[in-house]
1. With respect to R153, determine if the residue is within 22 Å of A178 (Cβ to Cβ) and modelled with pLDDT of 95 or more.
2. Residues L175, L136, L140: which one is of a type in the set (A, V, I, L, M, F, W, C), touching a Pro at 6+ places or on another chain (Cβ under 8 Å) and buried (at least 18 other Cβ atoms within 10 Å of the Cβ)?
3. Within region 96-112, which residues are under 20 Å from G157 (Cα atoms) and in a loop (DSSP other than H, G, I, E, B)?
Amino acid sequence: MFQSSRSMFLADVVSVVQRVAATAMAIALLVCLSTHPAAAQATMEYGNVATGAGTGAAGLGNKIGSALSQGTKPASAAASRKGAAAVNDTEYNPADANRRALEQRAGQDAAKLSFKSVPANAMVRIDGKPVGKTPLLMSLAPGTYQIEMEGPRMEFGKQQLTLGTKETREIDLHLSPAPRYPDHITLQ
């Protein structure tokens, strides 16, 4: 059987396309598996604001380059973070990333806030996003915010807050105890 040169050429093209697609899938899988979930969340919510411009792309380039280089082992996530000058371990904590992003958006007219709670060590959420544990100091842009705090034993408190330009406030919430199970149930 004789094959035409055209059919042999098409078979070669299909083979090359399959190899390129397999390589692209491998790179995409490598990127998805090596990205820390907190960094991915911050990137989805705030873009490059949380991690700083350029550091994410540089780290990604290093990971892809080391994975595609023959004869070298890919760097671990911890080793690649240590090698990047502008990247530190706190960037992978969602609360730290959310707080940094809010503070960077605060600008010149930022209001200063001090968060305290009874009991202490409560998780503070601003508009549903965690920003840290009490006691906490931070800056926010003027505007209206929903503040929620959840204590270590599921105590809860919330407050709506409207901030003015260059305002300084102390938010001190006494958290309510966690809801208890009912001691009796009435059926109708």
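The values are calculated or read from the model by the stated rules, or taken from the named source; none is laboratory data. Computed from a predicted model, the values in this text were never measured in an experiment. As a convention, Cβ positions derive from the backbone with ideal geometry for all residues, glycine included, and neighbour counts pool all protein chains shown.
1. no
2. Unique residue meeting the criteria: L175.
3. Passing the criteria: none in range.
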